[in-house]
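Reading through the structure tokens given below for one structure.
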Amino acid sequence: MVNFQKISSSPIEFDIEKNGIKFNGNLVKKDTNLVSCKGKLKGVIPYICDRCGNDFELSIDEDINLFLSNGIFKDDERANLDVMEFFNGQIDLEEVLQSELEAYKSDYLYCMACKDYR
């Protein structure tokens, strides 16, 4: 957990790992209640092919670029931002990791045997 009030315009580095996925990057304050989170998800997890149903190892190497809001995010000028809201004054980086991993896994992902199948 990182307190929103501890984040400034100087980047704060982070590096966590959960269930074989590493998440590292930095946090930078953009305004009073908004923090930029830039980082990378990297690792290998067990997965089931969305085409054939066979188990395989899914390699993940994804750049993360989102904003974290201390409370409800309301800004008509920046409504198209990818924003995750927190409501206790704390940023839970494990929650960010899990959310971004689930978003990645929501795509159709295929094993090597099915990748080139049309």
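The values are calculated or read from the model by the stated rules, or taken from the named source; none is laboratory data. Owing to the predicted nature of the structure, the values given are computational and were not obtained by experimental measurement. Glycine gets a Cβ as well: all are built from the backbone with ideal geometry, and neighbour counts include every protein chain shown. Just so you know, the surface numbers come from the protein's heavy atoms only, side chains and all, with ligands and any DNA or RNA stripped out. Shrake-Rupley method; radii C 1.70, N 1.55, O 1.52, S 1.80 Å.
Looking at the structure I just gave you, is ASP76 over 30 Å from TYR108 (Cα atoms) and either more than 19 Å from the chain's Cα centre (by Cα) or modelled with pLDDT of 95 or more (or both)? Spelling it out, ASP76 is indeed over 30 Å from TYR108 (Cα atoms) and either more than 19 Å from the chain's Cα centre (by Cα) or modelled with pLDDT of 95 or more (or both). Note on region 15-32: among residues that are out of contact with any Cys (no Cβ under 7 Å at 6 or more places or on another chain) and touching a residue at least 40 places away in the same chain (Cβ under 8 Å), the one that is nearest to VAL96 (Cα to Cα) is PHE23. Of everything in region 56-71 that is in contact (Cβ under 8 Å) with a residue 40 or more places away in the chain and open to solvent by 40 Å² or more (accessible area, probe 1.4 Å), the residue that is farthest from SER8 (Cα to Cα) is GLU62. Within region 81-109, residues that are on the phi > 0 side of the Ramachandran plot sit with their Cβ atoms under 8 Å from residues that are assigned to a helix (DSSP H, G or I) and not aliphatic (A, V, I, L, M), at 6+ positions apart or across chains, in these pairs: GLY89/PHE4; GLY89/GLN5.
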